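Just so it is clear, none of the values below were taken in a lab; they were calculated from the coordinates. Quick caveat: nothing in here was measured; it's all calculated off a predicted structure. Because the Cβ atoms are built from the backbone with ideal geometry, glycine has one as well, and the counts that use them run over all protein chains shown.
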Amino acid sequence: MPAVRFTGVSKRFELTHSRGRSMFSLLLAAFGNAGMDVEQFWALQDVSFTVEQGETLGIIGRNGSGKSTILKLLSRTLRPDEGKIEVAGSVFGLLELGAGFHPDLTGRENIFLNGSFLGVGHKEMGRLYPEIVEFSELERFIDTPIKHYSSGMYMRLGFSIALAVKPDILLIDEVLAVGDAAFARKCYDALAEVKRAKRTMLFVSHDPIQVRRFCNQVIWIEEGRIRSYGPARDVIQEYLQSTRGPVTTDVHRALTDPAEEGDGPVKIVQSVLLDENGAETHSALPGKTVTLRVRYETERYLGDVIFGAALRRSDGLHVYETSTAERQGPVSVQPGFGLVECRLGPLPLGPGAYHISLAIWREGERMSPLHLLRNDLALFMGKPRGGHRGTTVIPHQWRVAAADSGALPSVDNAIKPQPDMISSSMSVPWSTPPEGLNMGRREEEYLGDGWHPVENWPPAVRWIGREARVVLTQDVARGTLVISACRPMHADRPVQGKVTVNGEEITNFRVSGIDFEDIVIPLDPVNEPTRLEIGLVMEATFVPATVGIDPDTRELGLAIREIRIE
Amino acid sequence: MRVITEKSEARGLSAIAGAFREVASFSELLRTMVIRDLKLRYRNSVLGFLWSLLSPLLMTLVFILVFKVLTQTDITNYPVFLMAGLLPWIFTQGSVAGGLHSVTSNANLINKVYFPRELLPLSVVLAGFVQFVIAYILLVAVLLAFRIELHATIVFLPLIMLLNLVFAAGLAMVVATVNVFFRDLQHLVEIGLLAWFFLTPIFYTLAIVPNTSFLGLDVHRWVFSLNPMATLVTDYRYVLTEGYLPIRHTAVTLVMALFLFGLGWYLMRRYSYRFAEIV
């Protein structure tokens, strides 16, 4: 049985805003439309479709194509000029942010007000109230007037109400882009649940991946007419072909083919994203690191295979791809289970939804993988408060000169280059040199200004900037500087550099092993406890050129365990 | 399945009944909107709801100052006389002014949610009515407290209030609809309300107006016949303090009120589908 039926629906708008509604035109209108010269614009023309009960219909199209007009007609805020619309049951939707909210009322009052608009009584709304508040995660703000809410909070409240009242027909108009990543994820899950529960839904979006995920049927609207209407897979394929011109096979296939491919002897059985604490996650903030962990299973010895992961934005943009072929070379696979991990980050990605595809292939056979999971994992990038806008996070530094000085700060007090501005901006302060450095005990206390954590390799730090400084106090009886250091485990060459004390070069050093060795430097004796600024200057400056995406900055710099004066 | 787009086939009485049923089915919403309106009216003000009593009181004080002290009017019991007429005027004026913007200022709702659009002006009028009734009850209580003689005709008071409500609601719906298409109205209404206030015997009695003839009828008749508020204000006073209800004038006003209400509702029904496109 159909839940919604549009029969030859057309909607016309009159574009008269520029002239305004003058007395004269009103008089004319009163005597019929004779002499009126009004430009007409057909928002929808002869649109017919049927949504069966329990079906989810996606509506895609560019901005201004008429997508939202369909929902407005369905929610009865607009009336068509021609054609017939039939519905079975109650209709409610999230047409826009805060539809039907009053800014001066509190969250609680708005929940009940919104309920009344849906014909849901006060009592029934009271029953749904706890569920709404819980889903929206707004307990603390529920008695605050919602004019103080952020747009994300508006959306959360609206979405929670729409979901809780369980209308027979749910309308969703691309609102999920708002709000933080965690909540977006929650919304997506809730919508997937709506689809699973076989409730009728109309979903308007210009994000083909989301439409495909939530919808059985899709309508593609262009200039007010139905360009294509049918199963989601076919329509979206057509849509992408037209909007992208000749689509590269890769993107095209990624969006339209089945999510799984290949029945080779090796299979990915589990894949998770882990946050910096090792907990499973689906979201991250720019500058944070996630670890992709893949568990595979095979029945026989396979020789050398390559594991690869590709990251795509939700609109299909191929953001990055990497594989084990780049670093360690092929991996040989033994029968049984195995784990592959890839550390991604600091992530330079802007806010939005991303998908990770995973594949295993034999060397040289990338195009015919043994096993392929397309868009297997979702990663939602959030937006830090006051943080980045745009698609990418570019490491940057601001310098501001006072107007009267007329120049930027001189080199001495200019901002020092940081090895990793993305992560340092969110973690430890880096501007003051540490008092001493004994990384066995103080490794968490000081990082930055050339210092860098050693991945998977405590207890030590690495120093990868051109110059790093430590402030130590030399007592009267002591006169030897000891630096316990070695080359990073992943580097394949010796590390060389100079040691300076209070800016004066004292000696050169060179470490080649991966076991810590002491660099011993005699110091001039002192008469009273003296503060010394010990500097380490790299022979060759290694700057992690691919800040962010390349996980292997591990081979850069010098690993240091301790700096002390004996 | 139900068709949500075509106009109802019903004509005449059954159409009216259908419209009533629809509004009735949204009565919960209407109630919520009235409460919302009342809540918002005095939110963030220290005295809150008290203002609905205080502002007519202060206005009365001003009038007393002007007319009693400066012009030596000889109306007996002038404060009662004033309050009895001023309260319904404040209610009616508030309904018109509030109704005027009730649609245009709620674009947020009109564009996004469906409900019978009549509810917008109606909720404003009803919220004002609630305040009005409370204020009037207090007025009567004060009269009793000061042992001012009241008459049995006070039983007609609720009927007159109801008549006033129908009249105000009709007017509010008319101006609300017209203002959507013709924004110039808000400026006209401003002036119109001022003129109307002076043409209504609120702070004076008709007796002080020189009764000259104008177009074959005397001025008193013109004012009374064409101005339902004049009748209403007089009605309120008469049933309170004179023990008399001018039936004939009231009947004319009733007809006018019903006509306005019908016209307002008709305009709403007829044109509300276009509100979302314009607002």
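Starting from the amide H of A:THR144, placed 1.01 Å from N in the peptide plane, find each other amide H under 5 Å away whose residue is 5 or more places distant or on another chain.
A:GLY107, A:ARG108
Give the order of B:MET268, B:MET1 when sorted by the count of other beta carbons within 10 angstrom, beginning with the fewest.
Details: B:MET268 23, B:MET1 13.
Ascending number of Cβ neighbours within 10 Å: B:MET1, B:MET268.
Take every residue in peptide B:26-33, count the Cβ atoms of other chains within 10 Å of its Cβ, and give the average of those counts.
5
Give me, ordered by chain and number, the residues 5 or more places off A:LEU349 or on other chains with an amide H under 5 Å from its own placed amide H.
When sequence neighbours closer than 5 places are left aside, the close amide H contacts are A:GLY287, A:VAL393.
Across chain B, where is the longest run that never hits GluC sites (Glu not before Pro) in a DSSP loop with at most 11 other C-beta atoms within 10 Å?
Counting at most 11 other Cβ atoms within 10 Å as exposed, the longest clean stretch of chain B is B:10-148.
How high is the relative contact order of chain B, given as a whole-number percent (alpha carbon pairs under 8 Å, six or more residues apart)? It would help to have the intermediate numbers written out before the result.
Working: 282 pairs, mean separation 69.2, N = 279.
Relative CO of chain B lands at 25 percent.
Anything over 28 Å Cα to Cα? Flag those among A:LYS67/A:LYS198; A:LYS195/A:LYS288; A:LYS72/A:LYS195; A:LYS72/A:LYS166; A:LYS288/A:LYS498, in the order listed.
A:LYS195/A:LYS288; A:LYS288/A:LYS498
When the helix-only estimate is applied to chain B (DSSP H runs of n ≥ 4, each -39,500 (n - 2.57), divided by the residue count), what is the mean residue ellipticity at 222 nm, nearest 500 deg cm²/dmol?
Helix-only estimate at 222 nm: -22000 deg cm²/dmol.
Per residue of segment A:103-115, what does 6.51 cos²θ - 1.76 cosθ + 1.60 with θ = phi - 60° give for ³J(HN,Hα)? Whole Hz please, x for Gly and Pro, Karplus curve as stated.
Per residue, the Karplus-derived 3J(HN,Hα) values read x, 7, 8, 7, x, 4, 5, 5, 4, 6, 4, 4, x Hz.
Given H placed on each backbone N at 1.01 Å, which residues far from A:ARG12 in sequence or on other chains put an amide H within less than 5 Å of it?
Those qualifying (amide H under 5 Å, at least 5 residues apart or on another chain) are A:ALA43, A:ASP81.
Per-residue HN-Hα couplings for segment A:69-80, Karplus 6.51 cos²θ - 1.76 cosθ + 1.60 at θ = phi - 60°, whole Hz, x for Gly and Pro?
Result, rounded to whole Hz: 4, 4, 5, 5, 5, 5, 8, 6, 7, 10, 10, x.
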